[in-house]
Structures are given as structure tokens and as C-alpha cells.
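Structure first, then comments.
The values are calculated or read from the model by the stated rules, or taken from the named source; none is laboratory data. Quantities reported herein were computed from a predicted structural model and do not represent experimental measurements. FYI the Cβ positions are ideal-geometry reconstructions off the backbone, even for glycines, and counts take in every protein chain you see. To get the accessible areas, we keep the full protein, side chains included, count just its heavy atoms, and leave off ligands, DNA and RNA. Shrake-Rupley method; radii C 1.70, N 1.55, O 1.52, S 1.80 Å.
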Amino acid sequence: MSAEAANLHGYYRWHAHIYDATRWAFLFGRSALIRTAAETLQPRRILEVGCGTGKNLVDLAHAFPNAEIVGLDLSAEMLEKAAKKTAAFRSRVSLLQDVYSTPISAGRPFDLIVFSYCLTMINPGHAEVVRVAVEDLSLDGHIAVVDFSDSPHPWFRRWMGVNHVRMEGQVLAALQAAGLKPQQCSISSAYAGLWRWVTCLASR
Ligand SMILES: C[S@@+](CC[C@H](N)C(=O)[O-])C[C@H]1O[C@@H](n2cnc3c(N)ncnc32)[C@H](O)[C@@H]1O
């Protein structure tokens with residue numbers, strides 16, 4: 001495990017216990033992203049990279065009742081929470097503990113790969129991770145992303161850096177650099193412009 005991944009592992013060892021109680025107040029757009037995907041897509045296999053405590057896995061299981069869903073995360077503590085949350089969907093939701101750095105589809109590509117507030121935590125290496133995801137994607141597959149975008153306030157960017165989040169508008173750029181075609185993308189403002197967040201559905 002890289003030093004950066006080991007740092008995140010340590011961070012989430014403690015934050016796993018307060019994650020669901022706190023993150024609803026600032027991780028905006030997660031449910032909406034899945035609703036948008038469900039309006040147009042019918043994926044058979046779905047991967048969420050950095051699935052955390054499993055909120056999105058449950059939403060995905062409801063939105064795509066016939067899909068097989070894999071949640072991957074580097075943190076055992078976050079996955080423990082996800083296992084409890086997804087217990088009712090055990091027949092088609094599976095969990096993997098790993099750092100996402102090489103393709104995992106092994107000949108069974110994913111039709112939808114979700115990154116929800118994950119890419120801004122992969123520093124360095126977020127652009128490489130998007131390229132890995134493209135390799136894991138079926139030919140007509142889609143990548144769905146919701147994440148922080150940027151903030152005009154240096155103090156806030158510094159504070160988010162302390163929490164392992166880089167907010168320099170790098171997410172959309174990484175999708176484009178990987179050759180993905182943005183389809184439904186938007187940038188929204190949070191808390192009177194304290195920061196902006198991005199949501200994007202992109203195809204190969
Ligand atoms: C902010 S949480 C987001 C969790 C969930 N996706 C959500 O929207 O609530 C970021 C998660 O990504 C995981 N993560 C970060 N980098 C990762 C990597 N390279 N491979 C796998 N998981 C990673 C962290 O362990 C953490 O659980």
C-alpha cells in the first residue's frame with residue numbers, strides 16, 4: 001500500500017464511526033447522481049470505487065434491481081459498515097477490500113463505474129485511477145462521478161487538504177484526459193460559494 005493509501009486507511013479507521021452521522025451535511029448530490037443514471041442506463045454490472053459505508057450501494061441496489069454490484073474500498077472499517085448496510089442485498093452486492101490501482105473486471109467488464117467523493121482523495125494518482133476505470137468499463141459503459149470541485153477560499157482548501165481532499169477542479173479534467181465524453185455534467189455551489197461540487201455522467 002502506498003503512503004497516501006496508508007494515510008487514508010488510518011484516517012477512515014476513526015472516521016468510519018462518525019461518517020454517516022456527519023457527511024450528509026456536505027457530500028451533496030450522491031442520491032441525485034444515481035437517480036440521473038437510472039433515468040437512462042440499464043447496467044448489468046456496477047462497480048463503486050471507494051464505496052465507503054455503503055450508502056450508494058443501497059441506493060444503486062434499489063435503482064437497479066437486476067444489477068450485480070461490487071463495492072470496493074481500501075478501508076476495512078468503512079467496509080464493515082457497508083456490509084451491515086447491504087446485508088439485505090447480499091445475493092447481488094459484494095464487497096472487496098483493496099486499493100484501486102489495477103483493473104479488477106477480469107473479463108467481466110462493468111457497465112457503470114461510480115466514483116462518489118473518492119477521486120479528490122486520491123492524491124497523487126486520481127488521473128491514473130480514472131484510466132484504470134476505463135479499462136474496467138464495457139464498450140458502451142458509463143462512469144458516474146460526484147465530488148468536490150474547487151473553492152475560492154485558500155483557508156478552506158487548506159482545511160480540506162488536512163482531510164485528504166484536493167479541491168483544484170481536477171476531477172472533470174481527469175475524465176476528459178482519459179478520453180471520456182461528458183454527457184450530463186454540472187457544477188453547483190455549496191454554502192453560499194464556500195465550495196463547488198461537480199456531478200457528471202460520462203461515456204467511453
Ligand atoms: C469520502 S469517502 C466516500 C464514500 C462513499 N463513496 C460516499 O459517497 O459516501 C471516500 C472513500 O474512498 C476510499 N478510497 C480512497 N481512495 C481509494 C482507493 N485508491 N482505492 C479504494 N478506495 C479508496 C476511502 O477509503 C473512503 O472510504
Qualifying residue in the range 8-26 (condition: open to solvent by less than 20 Å² (accessible area, probe 1.4 Å) and under 21 Å from D140 (Cβ atoms)):
no
Within the range 15-42, restricting to residues that are among the charged types (D, E, K, R) and within 12 Å of the ligand (Cβ to nearest atom), the one that is nearest to N66 (Cα to Cα) is R30
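In the range 27-46, which residues are of a type in the set (A, V, I, L, M, F, W, C) and either open to solvent by 30 Å² or more (accessible area, probe 1.4 Å) or under 20 Å from L74 (Cα atoms) (or both)?
Residues of the range 27-46 that are of a type in the set (A, V, I, L, M, F, W, C), as a first pass: 27-28, 32-34, 37-38, 41, 46.
Once the filter is applied, which keeps residues that are of a type in the set (A, V, I, L, M, F, W, C) and either open to solvent by 30 Å² or more (accessible area, probe 1.4 Å) or under 20 Å from L74 (Cα atoms) (or both), the range 27-46 yields L27, F28, A32, A38, I46.
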Within the range 162-194, the count of residues that are within 14 Å of the ligand (Cβ to nearest atom) and open to solvent by less than 80 Å² (accessible area, probe 1.4 Å) comes to 6
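Criterion first (open to solvent by 20 Å² or more (accessible area, probe 1.4 Å) and either free of Cβ contacts under 8 Å to residues at least 60 places away in the same chain or touching a strand residue (DSSP E or B) at 6+ places or on another chain (Cβ under 8 Å) (or both)) does A3 satisfy it? Spell out how you get there, then give the answer.
Details: open to solvent by 20 Å² or more (accessible area, probe 1.4 Å): yes; either free of Cβ contacts under 8 Å to residues at least 60 places away in the same chain or touching a strand residue (DSSP E or B) at 6+ places or on another chain (Cβ under 8 Å) (or both): yes.
It is true that A3 is open to solvent by 20 Å² or more (accessible area, probe 1.4 Å) and either free of Cβ contacts under 8 Å to residues at least 60 places away in the same chain or touching a strand residue (DSSP E or B) at 6+ places or on another chain (Cβ under 8 Å) (or both).
For residues in the range 47-88 being more than 16 Å from the ligand (Cβ to nearest atom) and over 22 Å from P103 (Cα atoms), which is least open to solvent (accessible area, probe 1.4 Å)? Before the answer, list the steps.
Taking the range 47-88 first, the residues more than 16 Å from the ligand (Cβ to nearest atom) are 64-68, 87-88.
Applying the additional criterion that residues be over 22 Å from P103 (Cα atoms) yields 64-66, 87-88.
Values: F64: 13, P65: 82, N66: 149, A87: 40, A88: 92 Å².
Step by step, filter the range 47-88, then rank; the result is F64.
Within the range 101-115, track down each residue that is on the phi < 0 side of the Ramachandran plot and either open to solvent by 10 Å² or more (accessible area, probe 1.4 Å) or touching a His at 6+ places or on another chain (Cβ under 8 Å) (or both).
Initially, the range 101-115 is screened for residues on the phi < 0 side of the Ramachandran plot, giving 101-105, 108-115.
Within the range 101-115, S101, T102, P103, I104, S105, R108, P109, D111, L112, I113 qualify.
Any idea which of D150, D98, D140 is at pLDDT 95 or above and open to solvent by less than 50 Å² (accessible area, probe 1.4 Å)? Walk me through it before giving the result.
Numbers: D98 fails: open to solvent by less than 50 Å² (accessible area, probe 1.4 Å); D140 fails: open to solvent by less than 50 Å² (accessible area, probe 1.4 Å).
After ruling out the rest, the residue left standing is D150.
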Within the range 13-57, the count of residues that are out of contact with any Ser or Thr (no Cβ under 6 Å at 6 or more places or on another chain), part of a helix (DSSP H, G or I) and of a type outside the set (G, A, S) comes to 11
